[in-house]
Structures are given as structure tokens and as C-alpha cells.
Amino acid sequence: MPDLADQLLALGAATLGESGGRPMASRIGAVWSGARLAAPAFAVRCTPGDNLAVHVAAARAPAGSVLAVEVGIERERGYWGEVLATAAQARGIAGLVIDGCVRDVAALEEQGFSVFSTGVALPGATKELPGAAGGTAEVGDVRVQTGDWLVGDADGVTVVATTELDDVLAAGTDRAEREQALFAAIRDGKTTVELLDLDPTAIDEGEDQ
């Protein structure tokens, strides 16, 4: 039987987000094509413009976890790059989801280190101000508790609370199975209007008024 991470990845962020998971805001996306992750979160909170808490989290987070980082209102800094990715990989950290920018994208892709961020920025961050490593963080407008599962792929990132894993997984599996049946019916000639029981009378035929 596939392990939990494989099951979540197979369903994907979009399906899980429609099945009881909490989708993050669309500003957070993969920084390199093909980046994927499914792992428990380790929450991090930074003072805006400073990434000391990220360095500490990269040293403290358990292997197999994903750093979920809140940076506040100052997103346009490179809070993460090749140095931190190298340090995180050496400790077995699975990836990064940050509500701010990163840099060294080519190196991150070459390393195969999955990062989801709001973008790329060149200016660096200071490394001296207070923060928190562990506990909770607000990332992509979603409150993330350490231990919650994060699932990221080309569609974005969805958060699945630890206490809701079984229910979301079951609902996601059911949704995926129903979609496969829908695809088969479409290929057999059915329309989405028929299959989804939509009301086409609300749409005119484009005649001039």
C-alpha cells in the first residue's frame, strides 16, 4: 500500500483542496517546474525582512518535514537560497513553503529541493531579529500548525490538518474516482452540461440585442 505522502501526492493539491483541505492563496507557487512535496509542516515566523528564524528552523526541524514560513508584510526579499537549501537537505528536510520570496532558483532546481514561494527577489534578509521556530504560522492566508500536512504541486499548496487527514484522504479518493468516471463519460460523447446537470437557459445564443 502506498505511504501517506504518496497517496496525498497522487491526489494532488487541487483535489485535496476541494475535499476538506485548506488551499493557500494563489500567490504561493512552485519556483521551479516539477517541484512537488507532501510532508508534515514545521511552522516558522520571521520578523519582516529578517530570516534568523529560518536558519534556526533549518537546524531544528525534524527530518522529513517542510518548513512553512511566515515573513509578514515584507515579502520582497530573498529569504531563502542555495546555502539554506544545502543545509536543509543535509538534515533531511523535505522542502519549503514561504509566504515571501527566495532566490538562487537554478541551484534549487539542480538540487531538486522543492520550494513554493510568492516569487523571486534579489535583496537579502538580515539575520538578527526575533522570530519563532515551531508552533504556528500564517502562510498563504492559512493558519499552519506544526504537524499539519502540506501538499504542493503545479497547482499550488494545500494544508491538511493532522486531525482531518483520514477524512480528507477519504473524500479526496472518492472525488478522484468520480472524476475518472466523468472523464470516461465525456470521452463517450456526453457533455459537461448533461453530466453536471447544468442549466443552459441562463446563456443566450449570442444574438445581437
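The values are calculated or read from the model by the stated rules, or taken from the named source; none is laboratory data. Given the structure is predicted, the values throughout are model-derived calculations rather than measurements. Don't worry about glycine lacking a Cβ; one is built from the backbone with ideal geometry, like all the others, and counts go over all protein chains shown. Surface areas here come from the heavy atoms of the whole protein model, side chains and all, with no ligands, DNA or RNA. Shrake-Rupley method; radii C 1.70, N 1.55, O 1.52, S 1.80 Å.
Return the only residue of Thr173, Thr201 being open to solvent by 90 Å² or more (accessible area, probe 1.4 Å) and among the β-branched types (Val, Ile, Thr).
After applying the criteria, what remains is Thr201.
This table checks each residue for (1) touching a Phe, Trp or Tyr at 6+ places or on another chain (Cβ under 6 Å); (2) at pLDDT below 95.
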{"site": "Asp3", "(1), (2)": "no, yes"}
{"site": "Leu8", "(1), (2)": "no, no"}
{"site": "Ala13", "(1), (2)": "no, no"}
{"site": "Gly20", "(1), (2)": "no, no"}
{"site": "Pro40", "(1), (2)": "yes, no"}
{"site": "Val44", "(1), (2)": "no, no"}
{"site": "Ala87", "(1), (2)": "no, no"}
{"site": "Gly92", "(1), (2)": "no, no"}
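Do any helices (runs of 4 or more DSSP H) lying entirely in the range 50-164 carry at least 1 residues that are in contact (Cβ under 8 Å) with a residue 40 or more places away in the chain, and which ones are they?
52-60, 105-111
Any idea which of Arg77, Arg60 is charged (D, E, K, R), buried (at least 20 other Cβ atoms within 10 Å of the Cβ) and at pLDDT 95 or above?
Arg77
Being more than 24 Å from Ala171 (Cα to Cα) and surrounded by fewer than 21 Cβ atoms within 10 Å (Cβ to Cβ) is the filter here, so list the residues in the range 36-49 that pass it.
Listed by number, the residues that qualify are Thr47, Pro48, Gly49.
For Met24, all conditions in the list (1) within 19 Å of Ala154 (Cβ to Cβ); (2) surrounded by fewer than 22 Cβ atoms within 10 Å (Cβ to Cβ); (3) not charged (D, E, K, R) hold save one; what is the number of the exception?
Result: Met24 passes all but (2).
So which residues in the range 81-120 are open to solvent by 50 Å² or more (accessible area, probe 1.4 Å) and in contact with a Cys (Cβ under 7 Å, 6 or more places away or on another chain), if there are any at all?
Val120
Within the range 151-190, can you find the residues that are within 16 Å of the chain's Cα centre (by Cα) and of a type in the set (D, E, K, R)?
Matches in the range 151-190: Asp153, Asp155.
Going through the range 153-169 one residue at a time, which ones are open to solvent by 60 Å² or more (accessible area, probe 1.4 Å) and not charged (D, E, K, R)?
Ala154, Thr162, Thr163 - these are the residues of the range 153-169 that are open to solvent by 60 Å² or more (accessible area, probe 1.4 Å) and not charged (D, E, K, R).
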